[in-house]
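Engineer: Mind having a look at this structure? Questions to follow.
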Amino acid sequence: MPGSSQQPRHSGPLVAMAILYLAAVSGFMIWRGISVSPDYLLLLMLPIALVTGRFLRFLRDWVPFILIFLAWEAMRGVAPKTGIPPHVGDLAGLEKALFGGHLPTVVLQAWLANPPGRLVAYAATVVYFCHFVFPLGVALALWLVDRRQFIRFTTALMGMAFIAFVIFLLAPTAPPWYADSHGVITGVTKIISTTLPSAISPYYAVLNPNPVAAFPSLHSAFPFLGYLAIRETFSRRVSWLALGWCVAVWFSVVYLGEHYVVDVVAGVGLAAGSWWVLNHIVAPRYSALRRAPELPAFAELLTPAGIAADEAANASSDGAKVAP
C-alpha cells in the first residue's frame with residue numbers, strides 16, 4: 001500500500017536535511033553554469049555519508065552504482081555511430097495525428113512567447129537540468145531509511161536505462177528541435193540554448209552526445225520511477241510532491257522542444273513496466289530485492305524483552321539499524 005512501509009521514526013529530519021542540502025548545492029551549481037551530473041553528485045553526497053556514520057557502507061553501495069551509471073552514459077554515445085538514420089518525421093506525424101494537426105510543443109512555445117514566458121523558460125530549464133538530481137536524490141533518501149528499497153530502485157533504474165539504450169541504438173529518434181532544424185517541422189525553438197549556460201564535467205566532456213535519443217523520454221521515465229519507489233516508502237504527502245515534480249518535468253521537456261508528448265508517454269510506460277518487472281519477476285528470485293514483511297499492528301507484543309519498541313521501529317528493512 002502507498003505510504004505503508006515501515007519508516008524509521010528518527011530518519012525524517014535527516015532525510016529532509018540531506019535533500020535540502022542536495023537541492024541547495026545543485027541550485028547553486030545550476031546558477032553558476034555547472035552541469036549537475038552523477039559524478040559531481042556522488043562527491044556532493046560524501047558529507048552526508050560522513051554525517052550518518054555509514055561512510056564505508058555508502059562507498060560500497062554507491063560507487064558501483066555510479067560507475068555502472070557512468071558506463072551506461074558513455075555507451076549512449078555509440079548509438080549515433082551505427083549509421084542507422086534517425087526517425088525525424090515519424091513522431092512529428094504521429095503527434096499531429098493525435099492532437100488534431102497541432103504539435104503541443106509549437107502551441108506551448110507560441111502561448112509563452114511574451115516576456116512573462118521567459119520566466120517559465122528559465123524555470124523549465126532548471127527542471128530539465130535536474131535530470132540526475134531527482135532520481136539520485138530519491139536514491140539517497142531511500143538509502144537513508146530503507147537500504148533494501150534503495151537496491152530495488154537502483155536495480156530498476158539501471159535495467160530501465162539499458163532497455164532504453166537498446167531502443168536508442170536500434171531506433172534513434174529525433175526531438176522536436178532537431179526536426180525543426182532539419183526543416184521537417186516549423187515553429188520550435190531550442191529554448192535551452194537561450195536560457196542558462198551549463199558547463200559539463202571533465203568526464204562528460206569526453207563523451208559523444210546522442211542528439212537522437214528522444215523516444216522513450218528518460219527525462220520523463222526517471223522521475224516517475226522515483227515516484228513509484230517513493231510511494232511505497234514515504235507518506236502520501238511526499239508521494240504527491242514527487243508526482244507533482246513528474247508533471248513539472250513532463251511539461252518542461254515538451255515546452256522546451258526536447259521531447260514530444262508521445263516520448264513522455266513512452267517514458268512513463270517504460271518506468272511503470274520496469275517497476276512491475278522488478279516486483280513480479282526479478283525480486284521474487286533474489287532475496288536482496290524482496291520486500292521485507294511489514295510488522296503487524298501488535299508487533300510490540302512480540303518484541304523480545306530488553307529491546308525497546310523505539311529501537312524496533314528504527315530497524316531498517318534489511319535488519320540493520322538506521323542512524324538517527
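Engineer: Mind checking whether some residue in the stretch 203-223 is touching a residue at least 60 places away in the same chain (Cβ under 8 Å), open to solvent by less than 30 Å² (accessible area, probe 1.4 Å), touching an Asp or Glu at 6+ places or on another chain (Cβ under 6 Å) and among the β-branched types (V, I, T)?
Structural biologist: No, the stretch 203-223 contains no residue that is touching a residue at least 60 places away in the same chain (Cβ under 8 Å), open to solvent by less than 30 Å² (accessible area, probe 1.4 Å), touching an Asp or Glu at 6+ places or on another chain (Cβ under 6 Å) and among the β-branched types (V, I, T).
Engineer: Please enumerate the residues belonging to the stretch 220-236 that are in a helix (DSSP H, G or I) and either modelled with pLDDT of 95 or more or acidic (D, E) (or both).
Structural biologist: If the condition is that a residue be in a helix (DSSP H, G or I) and either modelled with pLDDT of 95 or more or acidic (D, E) (or both), then S220, A221, F222, P223, F224, L225, G226, Y227, L228, A229, I230 are the ones that fit.
Engineer: Further question on the same structure: Checking F234 against (1) open to solvent by less than 60 Å² (accessible area, probe 1.4 Å); (2) farther than 26 Å from L140 by Cα; (3) more than 16 Å from the chain's Cα centre (by Cα): exactly one of these is not met. Which one?
Structural biologist: (2)
Engineer: Continuing with the same structure: For the stretch 158-165, indicate whether the set of residues that are assigned to a loop (DSSP other than H, G, I, E, B) and not polar (S, T, N, Q) is non-empty.
Structural biologist: No, the conditions are met nowhere in the stretch 158-165.
Engineer: Going through the stretch 88-111 one residue at a time, which ones are surrounded by 17 or more Cβ atoms within 10 Å (Cβ to Cβ) and either farther than 12 Å from G257 by Cβ or charged (D, E, K, R) (or both)?
Structural biologist: V88, L91, E95
Engineer: With the requirement that a residue be surrounded by fewer than 20 Cβ atoms within 10 Å (Cβ to Cβ) and either among the charged types (D, E, K, R) or farther than 17 Å from W72 by Cα (or both), what does the stretch 152-174 give you?
Structural biologist: The one that is surrounded by fewer than 20 Cβ atoms within 10 Å (Cβ to Cβ) and either among the charged types (D, E, K, R) or farther than 17 Å from W72 by Cα (or both): A171.
Engineer: What's the number of the condition Y255 fails, among (1) surrounded by fewer than 20 Cβ atoms within 10 Å (Cβ to Cβ); (2) touching a residue at least 24 places away in the same chain (Cβ under 8 Å); (3) closer than 16 Å to H131 by Cα?
Structural biologist: That leaves (1) as the condition not met.
Engineer: Additional query: Looking only at the stretch 83-94, decide whether some residue is more than 27 Å from F162 (Cβ to Cβ), at pLDDT 90 or above and not aliphatic (A, V, I, L, M).
Structural biologist: yes
Engineer: Within the stretch 237-290, which residues are outside any helix (DSSP H, G or I) and farther than 19 Å from L103 by Cβ?
Structural biologist: Hits for the stretch 237-290 are Y286, R290.
Engineer: Out of all the residues in the stretch 175-202, which are in a helix (DSSP H, G or I), open to solvent by 70 Å² or more (accessible area, probe 1.4 Å) and not small (G, A, S)?
Structural biologist: Selection gives P202 alone.
Engineer: Out of V126, V36, V120, I need the residue that is outside any helix (DSSP H, G or I) and under 24 Å from the mean Cα position of the chain (by Cα). Which one?
Structural biologist: V36
Engineer: Got a sec? Which of F129, F153 is of a type in the set (F, W, Y) and over 20 Å from T105 (Cα atoms)?
Structural biologist: The conditions single out F153.
Engineer: Restricting to the stretch 30-44, give me the number of residues that are among the hydrophobic types (A, V, I, L, M, F, W, C) and within 24 Å of M158 (Cβ to Cβ).
Structural biologist: Looking only at that region, the number is 5.
The values are calculated or read from the model by the stated rules, or taken from the named source; none is laboratory data. If you're wondering where the values come from, they're calculated on a predicted model, not measured in any experiment. FYI the Cβ positions are ideal-geometry reconstructions off the backbone, even for glycines, and counts take in every protein chain you see. Remember, those area values only see protein heavy atoms, side chains included, never the ligands or the DNA or RNA. Shrake-Rupley method; radii C 1.70, N 1.55, O 1.52, S 1.80 Å.
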